[in-house]
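Only one structure is covered here, and it is reproduced in the block below.
The values are calculated or read from the model by the stated rules, or taken from the named source; none is laboratory data. This structure is a prediction, so every number in the text was calculated from the model and none was measured. Cβ placement follows ideal geometry from the backbone for every residue including glycine, while neighbour counts extend to all protein chains displayed.
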Amino acid sequence: MLDERKTAILRAVVQEYIATGQPVGSAHVAAVAGVKMSPATVRNDMVILEQDGYLAQPHTSAGRIPTDKGYRFFVDALELSGRPNKVTAERVGSFFTHATGRLEELLQRTSGLLTDMTKYAALVVGSSGQAATVRSVQVVRLSPRMATVVAVLSNGVVQSESFDINETVSDVQVSAASAHLNAAAFGHTFGQVHLAPTGDGGVDKVCTEALGLLEPHQSDASVIVGGAAAMAQAFDAVDVVRSVLTALEQQYVVVSLIKDVVDRGLTVAIGSEHGVEPLSACSVVLAPVIADGEKLGTVGVLGPTRMNYPQALATVEAVSTQLGRRLSEAGQV
């Protein structure tokens, strides 16, 4: 455990490096308000911090930069704990007050909000339909030979699929099929739905075809990655940028990254902590989206390890809270 003096020095180094991206020297740290000690004392303590793994010196005679361990100490010591300031809270609140449209559109715009506010890549993952139950199912005839089935799930996802229908099936049969399917599916996952025969072959065929179209999508999760290109300018090395962008293009990488971090009970994973090698130069800040006591997904940002952690934590926390509240109020859960 670091004493108060070394903690102050480490905090000053981290904050300055986050702001400038340049190695920090002892003279600068000594001049920072709150660090009341001579440059020589600071220099000696910085050597100790380097030996203990909190700081690194990229070049001889250069200043120091934080290591992943140094960032971790800084994040764990944050007093704000992600509480949004007034400006952040008002901007996020205004966004969700005026947000409209289907869940997919809302998640896309939420991704843009996170990127605009942090300048990092936004990660938005909607919950899988695997555990989502059906709130309603409706079969609608579009033409004599075409119908569509629309399902609303408990996680806010709206699924719709079109299918061919025999023109000999009457509108009355289509309505009966819609009512029968809705009654059988309500409150269940698609895999749990048991369709008892109605005794009407036309009705049963419509029900079977509609359910069969929806079942393959029940385990799909909405994964949105926004702002990756804008965030890439935070890295100096071209090979690092290429590695990060390539990893973010692969949906399974993003899903596994978020799942592993959340499963370990973390809200911040720094550098190699998250275990995804192509993203080892990055940190991720995450928060669950909870509405009416049910976890609907996760929002977060991914950026360089020298990200502005207080700002990222505050923004992600505000967005996750307001998104959960918005979904609850809209009755989408």
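Brief remarks follow.
- Where Val193 falls short, out of the listed (1) touching a residue at least 24 places away in the same chain (Cβ under 8 Å); (2) in contact with a Leu (Cβ under 9 Å, 6 or more places away or on another chain); (3) under 30 Å from Gly300 (Cα atoms); (4) among the aliphatic types (A, V, I, L, M): (3)
- All of Val240, Val174 fail the test of being outside the structural domain of Val139 (by TED's automatic domain parsing) and either in contact with a Leu (Cβ under 6 Å, 6 or more places away or on another chain) or at pLDDT 85 or above (or both), apart from Val240.
- Sole residue being modelled with pLDDT of 95 or more and either farther than 24 Å from Ala234 by Cα or exposed (fewer than 12 other Cβ atoms within 10 Å of the Cβ) (or both), chosen from Asp52, Asp68: Asp52
- The residues of region 27-36 that are surrounded by 13 or more Cβ atoms within 10 Å (Cβ to Cβ) and in a loop (DSSP other than H, G, I, E, B), listed by number, are Val32, Val35.
Quick grid of which residues meet (1) buried (at least 19 other Cβ atoms within 10 Å of the Cβ); (2) in contact with a Gly (Cβ under 8 Å, 6 or more places away or on another chain); (3) within 16 Å of Val301 (Cβ to Cβ):
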{"site": "Val240", "(1), (2), (3)": "no, no, no"}
{"site": "Gly265", "(1), (2), (3)": "no, no, no"}
{"site": "Ala269", "(1), (2), (3)": "yes, no, yes"}
{"site": "His274", "(1), (2), (3)": "yes, no, yes"}
{"site": "Ser283", "(1), (2), (3)": "yes, yes, yes"}
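- Qualifying positions in region 287-298 - in contact with a helix residue (DSSP H, G or I) (Cβ under 9 Å, 6 or more places away or on another chain) and in a loop (DSSP other than H, G, I, E, B): Asp292
- Within region 178-194, the set of residues being exposed (fewer than 15 other Cβ atoms within 10 Å of the Cβ) and outside any helix (DSSP H, G or I) comprises Phe186, Gly187, His188, His194.
- Verdict on Asn155 being part of a loop (DSSP other than H, G, I, E, B) and at pLDDT below 90: yes
- Residue ranges of helices (runs of 4 or more DSSP H) in region 197-286 with at least 1 members of a type in the set (S, T, N, Q): 201-214, 238-248, 251-263
Table: residues versus (1) in a helix (DSSP H, G or I); (2) touching a Leu at 6+ places or on another chain (Cβ under 7 Å).
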site: Val13; (1), (2): yes, yes
site: Val42; (1), (2): yes, no
site: His59; (1), (2): no, no
site: Glu90; (1), (2): yes, no
site: Phe95; (1), (2): yes, yes
site: Glu104; (1), (2): yes, no
site: Met117; (1), (2): yes, no
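- Looking across region 37-46, the residues that are surrounded by 14 or more Cβ atoms within 10 Å (Cβ to Cβ) and of a type in the set (A, V, I, L, M) come down to Met37, Val42, Met46.
- Set side by side, the residues Gly265, Gly275, Gly324, Gly303 differ, and just one is on the phi > 0 side of the Ramachandran plot, in contact (Cβ under 8 Å) with a residue 12 or more places away in the chain and either in the same structural domain as Arg109 (by TED's automatic domain parsing) or of a type outside the set (S, T, N, Q) (or both), which is Gly275.
- Residue list for region 1-26, filter: surrounded by 13 or more Cβ atoms within 10 Å (Cβ to Cβ) and hydrophobic (A, V, I, L, M, F, W, C): Leu2, Ala8, Ile9, Leu10, Ala12, Val13, Val14, Ile18, Val24
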